[in-house]
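The values are calculated or read from the model by the stated rules, or taken from the named source; none is laboratory data. Worth saying up front: this structure is predicted, and the values here are computed from it rather than measured. No Cβ is skipped: glycine too gets one built from the backbone with ideal geometry, and neighbour counts run over all protein chains shown. Side chains are part of the model used for accessible areas, which takes the heavy atoms of the whole protein and leaves out ligands, DNA and RNA. Shrake-Rupley method; radii C 1.70, N 1.55, O 1.52, S 1.80 Å.
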Amino acid sequence: MIRCPTICELNKYEISDNITTIGSYAFNCCKLKEIVVSNSVTKFSYGAFSECHQLKLLEIPRSVTTIEQDAFLECDSLLKMYIPDSVTTIGPT
């Protein structure tokens with residue numbers, strides 16, 4: 001996924017099953033409150049969800065192995081996040 005679709009003004013967005021990587025800044029500054037990540041995703045790239053100030057819920061599936069630097073930078077409304085043990089690489093903040 002290169003960039004969040006224009007429907008990014010919705011409250012919830014479901015990432016489709018054919019996506020394997022959330023690209024750098026793909027959801028940057030989106031107004032979404034919830035993102036549902038499919039089990040096909042293996043990587044959150046640099047700044048993938050940065051500055052999503054309204055994001056409250058994002059469940060990381062067990063398929064994800066890599067979370068790059070600043071993937072959740074300034075997601076200050078994110079209440080809770082469970083990082084599964086499948087994640088073997090987490091970049092610095």
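Looking at segment 9-55 only, could you name the residues that are of a type in the set (Lys, Arg), under 15 Å from Glu74 (Cβ atoms) and at pLDDT 95 or above?
none
Kindly list, by first and then second residue, each pair from a residue in segment 61-77 that is in a strand (DSSP E or B) to a residue that is open to solvent by 40 Å² or more (accessible area, probe 1.4 Å) and of a type in the set (D, E, K, R), limited to pairs with Cβ atoms under 7 Å and residues at least 6 apart or on different chains.
Qualifying pairs under 7 Å: Thr66/Lys43.
Within the bounds of segment 19-41, is there any residue that is of a type in the set (A, V, I, L, M), outside any loop (DSSP other than H, G, I, E, B), within 22 Å of Pro92 (Cβ to Cβ) and touching a strand residue (DSSP E or B) at 6+ places or on another chain (Cβ under 9 Å)?
Yes, segment 19-41 has at least one match.
Which residues, taken from segment 79-92, are free of Cβ contacts under 8 Å to residues at least 24 places away in the same chain and within 14 Å of Leu58 (Cα to Cα)?
Answer for segment 79-92, where residues must be free of Cβ contacts under 8 Å to residues at least 24 places away in the same chain and within 14 Å of Leu58 (Cα to Cα): Leu79, Lys80, Met81, Tyr82, Ile83.
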